[in-house]
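Some notes on the structure that comes next.
The values are calculated or read from the model by the stated rules, or taken from the named source; none is laboratory data. Note that the structure is a prediction, hence the values are computed from the model and not measured. Here the Cβ is made from the backbone with ideal geometry for all residues, glycine too, and neighbour counts use every protein chain on show. Side chains are part of the model used for accessible areas, which takes the heavy atoms of the whole protein and leaves out ligands, DNA and RNA. Shrake-Rupley method; radii C 1.70, N 1.55, O 1.52, S 1.80 Å.
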Amino acid sequence: MRHVASVLALSLSLGLTSAAVAASSGPGGRIPLERQTLPARDGFASMGGGTTGGAYATPERVYDVTTRAQLKAALDEAGDEAKIIRVHGTLLGNADDAGNPLSCDDYARGTGYTLESYLAAYDPAVWGWDTEPSGGPEEARRQAAEKQRSTMVIQVPSNTTIIGVNPQASLIGLSLRIDGERNVIVRNLNHKAVSDCFPQWDPTDGSAGNWNSEYDMVQIINGSSNVWIDHNHYTDDPNFDDQAPRYFGRPFQQHDGSVDITYGSDLVTVSYNRFVDRDKLMLIGSTDSPSAGDPGKLRVTIHHNEFINIGQRAPRLRWGHADVYNNHFIRNDDARVSFGYVFGVGYDSHIWAEANAFTFSPSVDATRIIKHWKGQAITTLDNVINRRKVDLLAAYNANASDELQLVRDTSWQPTLRTNVHPAQAIPALLKRKAGPVLRLDRPGRPRG
């Protein structure tokens with residue numbers, strides 16, 4: 001009843017109509033899922049006034065959508081007003097306003113871009129290894145990429161809840177971009193197949209060059225704050241990395257991050273999500289330089305998530321503080337993605353990894369759970385590998401050279417937590433509760 005009373009009080013303080021207040025509670029005073037807010041003390045996103053998303057939207061600002069165009073129109077119409085977007089069925093990001101699918105060839109049409117001409121122009125045997133691509137074929141690639149970006153990337157304004165009406169609700173090839181906004185909730189959605197049709201070749205990236213792609217599934221950037229990412233599913237299905245061709249000896253990488261948090265963003269809670277067969281998970285922090293506005297920001301809580309056969313960045317952190325507890329990391333021998341590491345200890349980073357469960361096949365090297373990325377310290381407590389408690393920091397240091405040794409971080413201790421379960425209980429708990437498992441009580445009808 002305290003939660004219902006707080007909804008009523010805040011609704012009235014915001015000047016909402018009596019109809020909106022009545023819509024805030026269901027039978028017996030139950031708060032409908034689309035109007036739920038982040039619980040108190042549930043991670044860093046509970047700071048700074050908390051995260052309510054569109055919980056206090058008036059009835060006119062509750063939208064039911066079935067297409068990308070409807071989603072964009074609803075967000076554009078409501079702007080920064082509190083709004084709830086209820087997603088029905090499958091929304092295609094690469095589709096025109098009528099919902100017809102668009103292909104990579106559709107985006108390239110009229111730009112002059114073809115992959116064949118691009119490969120011919122920037123073959124290292126012709127172009128060399130010392131300079132990034134420029135000139136006509138690169139400009140054509142940029143034009144085609146801009147056509148795709150303007151279609152598949154959806155800007156999410158402040159005070160928004162986007163929620164799937166049932167566990168089947170999906171965003172296919174659609175990237176959500178939270179750019180300089182605050183108070184956003186994304187729940188109960190399947191995020192799939194966010195692919196860049198036009199990755200850029202960079203021969204100067206690493207010792208052998210790399211294909212670099214754009215478009216995170218959820219991108220939180222430029223000082224965004226108070227964001228709750230909850231009960232979602234992230235996968236590249238059906239276009240996995242191991243199916244990608246190789247050009248210039250490197251994989252033609254069309255996928256970027258799952259939930260990336262960069263450029264001074266802050267106060268984010270990532271909970272009860274499932275990440276499957278993805279290489280890049282969560283990059284937190286933009287660069288080793290302080291010029292991107294990251295110092296003093298990038299406070300992120302990551303709890304009760306499942307990571308199944310992932311490659312890296314769970315998370316990779318620079319500058320900020322990440323409380324990583326009660327997650328389940330699963331690694332099988334038949335994984336599609338090669339294993340890199342789990343916790344990336346970056347420049348001036350502070351990761352607190354506690355009571356996480358690792359279910360690893362015997363072939364996985366547990367000493368690689370931590371990776372040194374110019375950081376100095378990490379705290380690891382009460383984590384288990386195959387139900388046996390393991391000191392992850394000691395295991396890492398036992399296999400690391402002298403210059404890459406890490407120490408325990410004594411500079412802070414997380415306090416914003418709800419319920420910390422024993423690590424041994426996490427696999428069974430998350431098997432039932434992680435990912436899209438929610439169902440709206442009153443889902444409404446799609447708008448025609």
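Summary table
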read-out	value
Residue list for region 259-276, filter: on the phi > 0 side of the Ramachandran plot, open to solvent by 10 Å² or more (accessible area, probe 1.4 Å) and not aromatic (Phe, Trp, Tyr)	267
When residues of region 313-327 are limited to those that are under 11 Å from residue 345 (Cα atoms) and in contact with a Pro (Cβ under 7 Å, 6 or more places away or on another chain), the one least open to solvent (accessible area, probe 1.4 Å)	322
Cβ-Cβ under 8 Å pairs, at least 6 apart or on other chains, region 220-248 side over 15 Å from residue 194 (Cα atoms), far side part of a loop (DSSP other than H, G, I, E, B) and aromatic (Phe, Trp, Tyr)	221/263; 222/263; 223/263; 230/272; 231/272; 245/252; 246/252
Region 427-443, residues that are surrounded by 15 or more Cβ atoms within 10 Å (Cβ to Cβ) and among the small types (Gly, Ala, Ser)	434, 435
Residues located in region 176-193, provided they are buried (at least 24 other Cβ atoms within 10 Å of the Cβ) and more than 20 Å from residue 440 (Cβ to Cβ)	178, 183
Close pairs (6 angstrom Cβ cut-off, 6 or more residues apart or separate chains): among the aliphatic types (A, V, I, L, M) in region 298-327, part of a strand (DSSP E or B) and open to solvent by 10 Å² or more (accessible area, probe 1.4 Å) anywhere	308/276; 308/330
Residue under evaluation residue 294, criteria (1) open to solvent by less than 30 Å² (accessible area, probe 1.4 Å); (2) closer than 22 Å to residue 383 by Cβ, criterion not met	(2)
Of all residues making up region 212-227, the number that are under 14 Å from the mean Cα position of the chain (by Cα), open to solvent by 10 Å² or more (accessible area, probe 1.4 Å) and more than 20 Å from residue 292 (Cα to Cα)	0
Residue count for region 432-448, restricted to those that are in a helix (DSSP H, G or I) and touching a residue at least 24 places away in the same chain (Cβ under 8 Å)	1
Residue match in region 402-416 (condition: assigned to a helix (DSSP H, G or I) and either among the hydrophobic types (A, V, I, L, M, F, W, C) or surrounded by 17 or more Cβ atoms within 10 Å (Cβ to Cβ) (or both))	yes
Sole exception among (1) closer than 30 Å to residue 168 by Cα; (2) surrounded by 17 or more Cβ atoms within 10 Å (Cβ to Cβ) for residue 424, by number	(2)
Every residue from region 27-62 that is open to solvent by 10 Å² or more (accessible area, probe 1.4 Å), within 20 Å of residue 446 (Cα to Cα) and touching a helix residue (DSSP H, G or I) at 6+ places or on another chain (Cβ under 7 Å)	58, 59, 61
Residue count for region 276-292, restricted to those that are part of a loop (DSSP other than H, G, I, E, B) and closer than 26 Å to residue 435 by Cβ	5
Residue identified as assigned to a loop (DSSP other than H, G, I, E, B), closer than 26 Å to residue 204 by Cα and open to solvent by 10 Å² or more (accessible area, probe 1.4 Å) among 256, 237, 242	256
Selection count where residues are without any contact (Cβ under 8 Å) to a residue 40 or more places away in the chain, open to solvent by less than 10 Å² (accessible area, probe 1.4 Å) and not in a strand (DSSP E or B), scope region 328-354	2
Residue within region 422-431 that is part of a loop (DSSP other than H, G, I, E, B), of a type outside the set (Val, Ile, Thr) and within 23 Å of residue 41 (Cβ to Cβ) present	yes
Test for residue 310: is it surrounded by 23 or more Cβ atoms within 10 Å (Cβ to Cβ) and either in a loop (DSSP other than H, G, I, E, B) or in contact with a strand residue (DSSP E or B) (Cβ under 8 Å, 6 or more places away or on another chain) (or both)	yes
Residue selected from region 99-144 under the condition in contact with a Ser or Thr (Cβ under 8 Å, 6 or more places away or on another chain) and within 30 Å of residue 163 (Cα to Cα), by the criterion most open to solvent (accessible area, probe 1.4 Å)	102
